[in-house]
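First comes the structure, then the notes that go with it.
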Amino acid sequence: MSNATAKSLQESLKLKLDYDQLTNCMRCGFCLPACPTFKETGVEAESPRGRISLMKAAVDGIMEPNVRFEEQMGHCLGCRACEPACPADVKYGQLIEQARDAIEDHTTQHRTWVKGVRKIVFGQLFPHQNRMKLLGKGLRFYQKSGAQTLARKTGVVGLFSKQMSAMERILPEAAGKGVVDQLGTRVPAIGEKVGTVGMFRGCLMDVLFTETNRKTVQLLAKAGFDVVIPEAQNCCGALHAHSGEMDQAKQLARHNIRAFQEAGVDYIVSNAGGCGAILVEYDHLLHDDAQWQEQAKWFASRVKDISTILLEKGRPLPFTEGPGVRITYQDSCHLRNVMKAGESPRKLLKQMPGATFVEMKDAGSCCGSAGIYNLTQPDMANTILDHKMDHAKATEAHYIVTSNPGCLLQMKLGIDKHAPGSPMQAVHIVDFLYERV
Amino acid sequence: MLENQVKAKLRGIVGDAYFKDDIETLVTHSYDGTPMLQQLPEGVIYPQNTAQVSAIMKVMSEHQIPLISRGSGTNLCGGTVPVQGGIVMVMHRMNAILEVDMQNLTATVQPGIITKTFIEHIEGLGLFYPPDPSSMAISTIGGNIAECSGGLRGLKYGTTKDYVIGLECVLASGEIMRTGGKLMKDVAGYDLTKLLIGSEGTLAVITEATLKLIPPPKHKKTMLAMFKDMYGAARTVSAIIENRIIPATLEFMDNPTIRVVNDFAKLGLPLDMEAILLIEQDGEFETVERDIARISEICQEEHADQISIASNQEEALKLLTARRSAFTALARLRPTTILEDATVPRSKIAEMVQQINRIAKKYDVQICTFGHAGDGNLHPTATTDARNHDEIERVEAAFEEIFEEAIRLGGTITGEHGVGLVKAPFLEWKVGSAGIAIMKNIKQGFDPLNILNPGKMFAKESRRRVVIDHV
């Protein structure tokens with residue numbers, strides 16, 4: 001990195017990092033055991049305390065932010081397990097996003113393909129639901145037309161990076177038709193109405209897991225909610241924010257707020273922990289936008305995860321006695337650490353007649369998926385997944401239940417890699433519940 | 001700066017991957033858990049075994065380079081800040097449980113093992129290692145030994161020093177020394193094991209420890225007693241002990257702490273109480289029931305306003321949470337939290353708390369007090385902001401006076417956190433000039449070149465807390 005780049009990055013970090021939060025870190029180390037990358041490496045710099053000290057040293061001028069600095073900020077999974085562990089309530093998630101935002105403005109380090117992929121995915125794909133749909137259709141075509149079989153047989157798939165080709169194997173069948181195409185924008189409550197909810201359909205969820213989206217709506221209707229799916233909604237902006245594309249994340253947030261305000265809903269329901277976590281923090285995301293503050297608060301205070309709303313606000317679902325199975329639950333980091341809703345899915349699963357819930361060791365620690373982390377940092381992601389699968393296998397569960405598409409895919413990848421041929425399946429909680437209503 | 005020749009030697013010992021001197025590594029080893037202290041080392045080394053530690057010490061001796069050994073860096077006395085530069089030696093890779101001897105009820109471990117990991121392993125075998133520092137999920141056994149850590153069970157079970165019966169260490173010269181062993185009785189010569197415990201890395205680098213284990217208690221009961229009168233709470237502490245009852249835990253929170261904890265954890269604690277005692281007894285079923293009943297009577301005799309006894313484990317946990325969230329809650333009040341460690345004879349608890357409140361008022365600073373009343377170990381905790389220099393000076397003056405009071409009452413400047421850098425100016429108040437002289441001679445005997453954690457324990461002259469800005 002040239003000196004000029006380091007200097008300009010330093011200036012940008014000074015502007016963007018919240019110095020109060022940097023000061024609030026008292027370096028007690030309570031975050032160390034919570035941090036997956038510290039757990040794997042035992043290296044102080046790979047911990048929240050270490051990363052904050054690096055940010056502060058860069059701002060204070062003790063060090064120039066160099067390539068290693070950038071890499072270290074990239075190494076963080078963003079799982080935010082450190083936040084509940086922090087006595088001083090340091091907003092680590094905000095700090096790492098601010099650091100990445102500054103890096104994004106100045107870096108010369110990204111490998112070309114990462115840069116290219118980001119530009120296309122973040123700028124041109126995720127914000128446009130119609131393009132996402134097109135992607136889904138393309139994927140469906142690839143899977144259905146025989147191209148997939150051909151690609152696998154000829155070894156073309158292997159030309160992708162190892163990680164990409166592993167992911168290709170476990171991608172679910174794309175629907176090609178989103179939830180609105182299937183159900184329309186309004187689905188009335190079944191039986192007496194208890195409220196109106198807006199469904200946040202997500203972009204990946206709606207392309208790769210349309211069935212889960214459809215079942216989410218139907219579970220909500222069964223629990224007594226009128227469900228509105230505003231068509232104007234778009235990507236939540238989580239991946240943008242986590243990677244430092246702040247302006248784009250804010251733009252997406254404003255758009256979503258408007259869409260749901262116009263829909264006039266009591267709650268906004270998310271079925272993806274990663275999306276839910278940024279939705280619930282739209283007020284933080286837009287905190288310096290005077291014009292949008294009120295609306296952002298309105299929005300953030302209404303966001304609920306599907307498990308929480310079913311458990312706390314809806315009519316109890318009439319679960320039927322299913323086959324006697326063992327189930328375990330892999331937390332979505334953002335659902336647990338940011339939405340603070342790790343208990344709701346467990347409570348629901350424990351209500352399931354016939355099923356035995358087995359808690360997995362370290363269920364609350366990140367599975368390594370972390371947005372696009374498993375593509376950008378495959379080595380660390382794989383090490384984390386290896387350990388996760390050891391714990392998963394030890395439960396001897398038939399189902400690993402998850403609450404987020406990234407985690408779900410990662411668990412599928414884990415089973416494919418570590419427990420091929422075993423009766424173990426990864427499943428989204430909505431799909432699991434739906435089968436038993 | 002380190003000479004290339006030295007770096008090459010160190011890399012030769014541990015391999016390229018385990019000696020680092022890039023700026024990222026230096027920055028992340030320039031601090032510990034103590035607020036406001038930071039100094040960059042010149043290199044960081046991660047040894048894998050005793051032989052490597054020995055070889056490293058030989059290089060350090062030859063070139064007269066300071067060496068600071070550390071575990072997770074959670075200490076609160078500046079003990080592992082490399083104030084005079086040199087090499088920081090991180091013991092994390094030496095983290096094995098070498099042996100659990102079920103015949104002798106001992107465990108032999110390497111220093112880098114996380115305390116909680118060790119405790120869980122031991123409990124899995126149906127045994128008990130009582131020292132339970134609040135940092136145990138993060139701190140290492142080696143660090144606990146270096147600082148002689150305590151915890152909530154110190155009253156009945158003692159602290160780290162009561163469980164370490166043998167050590168292997170590497171001296172400044174690189175020689176390897178063994179002290180004690182698996183034996184329960186050993187009076188051959190000076191007790192070097194005890195001398196090394198709490199020596200804060202200034203005498204030797206601990207590379208192995210043999211720990212005493214005991215059978216776990218069969219039954220446990222937890223209660224809270226709340227007092228509108230501070231003296232009532234303090235008399236209760238004394239009366240429990242006078243009645244020949246030694247609870248496993250006897251913890252104290254003052255009114256400002258109660259308010260903060262309640263506000264944070266929404267526990268519904270009464271805010272008009274001057275003090276709350278958290279009491280736990282363990283042991284045989286009948287003994288525990290009898291002790292808790294008698295303790296309740298004593299609390300009533302001393303006019304406790306409310307007493308609640310946990311009827312099950314869940315309730316007990318809620319009560320313990322109240323005490324355990326004290327640090328967390330206080331840390332959220334202001335950016336800088338300075339947790340201190342004044343200790344007095346347990347009959348002087350009330351007087352000490354009152355003195356602390358008087359001093360806080362005098363210097364116009366916020367100090368909340370909680371701690372281990374049963375063993376007289378209080379943690380007056382200042383909530384402040386490092387950027388407010390005027391306030392920090394008042395906080396430091398207040399703590400100086402608090403330590404003075406503690407010593408006047410027959411107490412000491414630290415019960416479980418160590419002297420390190422921040423309390424070095426006060427050590428002489430406690431041990432006297434003859435004490436300091438003999439300690440310095442011991443240091444000289446172990447470490448003639450003064451390369452092991454230099455600048456700690458013994459202050460040059462200043463009585464003031466030393467605040468070091470960035471390099």
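No lab work stands behind these numbers, since they all come straight from the coordinates. What you see is a predicted model, and the numbers here were worked out from it, not measured in a lab. As a convention, Cβ positions derive from the backbone with ideal geometry for all residues, glycine included, and neighbour counts pool all protein chains shown.
Taking every DSSP beta bridge that has both residues in the protein assembly as shown, what percent is antiparallel when rounded to the nearest 5?
65
For the protein assembly as shown, the dipole from Cβ point charges (+1 on Lys and Arg, -1 on Asp and Glu) about the Cα centre works out to 2340 debye, to the nearest 20.
Every helix of 4 or more DSSP H residues in chain B counts as -39500 (n - 2.57), and over all residues that averages to -11500 deg cm²/dmol at 222 nm. Relative to the dominant Cα principal axis of chain B, helix B:255-265 is inclined by about 80°. When the listed pairs A:LYS388/A:LYS412; A:LYS56/A:LYS388; A:LYS91/B:LYS116; A:LYS91/A:LYS340 are checked against a 21 Å cut-off, the alpha-carbon distance exceeds it for A:LYS56/A:LYS388; A:LYS91/B:LYS116.
For the range B:157-191, chymotrypsin sites (Phe, Trp or Tyr not before Pro) meeting the loop criterion (DSSP other than H, G, I, E, B) and having at most 13 other Cβ atoms within 10 Å: B:TYR190.
If the chain between B:ASP22 and B:LEU125 were fully stretched, how many nm would it gain, using 0.36 nm times the residue separation less the Cα-Cα distance? Mind showing how you got there, number by number?
Details: separation 103, 0.36 × 103 = 37.08 nm, distance 4.24 nm.
Result: 32.8 nm gained on full extension.
Once the piece of chain linking A:HIS128 and A:LYS7 is laid out straight, how much longer is it, given 0.36 nm per residue of separation minus the C-alpha distance between them?
Gain in length upon complete extension: 40.0 nm.
A cut-off of 5 Å between modelled amide H atoms, ignoring neighbours fewer than 5 places along the same chain, links B:THR34 with B:GLY78. Within 10 Å of the Cβ of each residue in A:76-87, the mean number of Cβ atoms contributed by other protein chains is 1. For a modelled paramagnetic label at B:ARG408, 7 Å from Cα along Cα-to-Cβ, the residues of the range B:319-354 in reach, with backbone nitrogen under 19 Å, are B:341-354. Between the helical axis of B:285-301 and the longest alpha-carbon principal axis of chain B there is an angle of about 60 degrees.
At an R0 of 41 angstrom, the distance between the Cβ atoms of B:LEU183 and B:LYS7 translates into a FRET efficiency of 0.45. Peptide B:321-329 shows a mean partner chain C-beta count of 2 within 10 Å per residue C-beta. Candidate cross-link partners of A:LYS193 among the lysines, defined by an alpha-carbon separation under 23 Å and a same-chain spacing of 8 or more, comprise A:LYS215, A:LYS222, A:LYS304, A:LYS313.
Straight distance only, please: which aspartates and glutamates reach the Cα of B:LYS9 with their own Cα at less than 13 Å, same-chain residues fewer than 8 apart left out? Of all the aspartates and glutamates, those that pass the test against B:LYS9 - Cα under 13 Å, at least 8 places apart if same chain - are B:GLU62. Inter-part distance, the range B:80-157 to the range A:310-356, computed on C-alpha centroids, equals 38 Å. Within straight-line reach of B:LYS440, meaning a Cα separation under 16 Å, sit the following aspartates and glutamates at least 8 residues removed in sequence or on another chain: B:GLU200, B:GLU428, B:GLU461.
Compute the FRET efficiency between B:GLU99 and A:HIS418 as 1/(1 + (r/R0)^6), taking r as their Cβ-Cβ distance and R0 = 35 Å, and round to the nearest 0.05. Don't skip to the end; give the middle numbers.
Values: r = 32 Å, r/R0 = 0.92.
Between B:GLU99 and A:HIS418 the formula returns 0.65.
Between the amide H of B:GLU99 and those of B:THR108, distances stay under 5 Å, these residues lying 5 or more places away or on another chain, with hydrogens modeled in the peptide plane.
Placing pseudo-labels 7 Å out from each Cα toward the beta carbon at B:HIS303 and A:ALA290 gives an inter-label distance of 5.7 nm. With q set to 0.06, 0.08, 0.09 Å⁻¹, the log10 of I(q)/I(0) for the protein assembly as shown, from the Debye formula over equal scatterers at the Cα positions, is -0.46, -0.82, -1.03. Once the Cα-Cα distance is subtracted from the 0.36 nm per residue extended length, the A:LYS119 to A:ARG169 segment shows a gain of 15.5 nm.
Here the range B:243-282 is scanned for amide nitrogen atoms under 20 Å from the site 7 Å beyond the Cα of B:GLU289 along Cα-to-Cβ, giving B:245-248, B:280-282. When you filter the trypsin sites (Lys or Arg not before Pro) in the range B:129-210 for DSSP loop state and at most 15 other Cβ atoms inside 10 Å of their Cβ, you are left with B:LYS185.
With a cut-off of 8 Å between alpha carbons and a minimum separation of six or more residues, what is the relative contact order of chain B in percent? Before the final figure, lay out each step's value.
Numbers: 1005 pairs, mean separation 75.7, N = 471.
Worked out over chain B, it gives 16 percent.
Kindly flag which residue pairs out of B:LYS58/B:LYS456; A:LYS250/B:LYS266; B:LYS161/B:LYS430 have an alpha-carbon separation exceeding 27 Å in this structure. Check vs 27 Å cut-off fails for A:LYS250/B:LYS266. The mean number of partner chain beta-carbon atoms within 10 angstrom of a residue's beta-carbon across peptide A:17-29 is 5. Ordering of B:201-207, A:342-348 by packing is B:201-207, A:342-348, highest average first (other Cβ atoms within 10 Å, averaged per residue).
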